[in-house]
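*Asks:* Got a structure for you, written out below as structure tokens; questions coming shortly.
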């Protein structure tokens, strides 16, 4: 499961970088740039949530199942 989470983190990071290439800083909320901006926020949320999941699993492993 740990490797699957790392794989998802790598995929999300790749999508984040890919969507940054579509940003037009002159017109952020028009056309493809708007879609890229929404995708950037979504993938950033995924990265944060997966990081929280990894930390919580590590804490659970150290504390043990009670």
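*Asks:* How many residues does the range 50-66 contain that are loosely packed, with under 12 Cβ neighbours inside 10 Å and either assigned to a helix (DSSP H, G or I) or touching a strand residue (DSSP E or B) at 6+ places or on another chain (Cβ under 6 Å) (or both)?
*Replies:* Of the residues in the range 50-66, 9 are loosely packed, with under 12 Cβ neighbours inside 10 Å and either assigned to a helix (DSSP H, G or I) or touching a strand residue (DSSP E or B) at 6+ places or on another chain (Cβ under 6 Å) (or both).
*Asks:* Quick check, is residue 8 surrounded by 11 or more Cβ atoms within 10 Å (Cβ to Cβ) and at pLDDT 95 or above? Explain how you work it out, then say what you get.
*Replies:* Values: surrounded by 11 or more Cβ atoms within 10 Å (Cβ to Cβ): yes; at pLDDT 95 or above: yes.
So residue 8 fits the description; yes.
*Asks:* Considering each residue of the range 20-48, count those that are surrounded by 12 or more Cβ atoms within 10 Å (Cβ to Cβ) and either under 20 Å from residue 3 (Cβ atoms) or in contact (Cβ under 8 Å) with a residue 12 or more places away in the chain (or both), and give that number.
*Replies:* Residues meeting the conditions: 11.
The values are calculated or read from the model by the stated rules, or taken from the named source; none is laboratory data. The shown structure was predicted, so the numbers you read here are calculated from the model rather than taken from an experiment. When we count neighbours, we look across all protein chains shown, and the Cβ atoms used for this are built from the backbone with ideal geometry, even at glycine.
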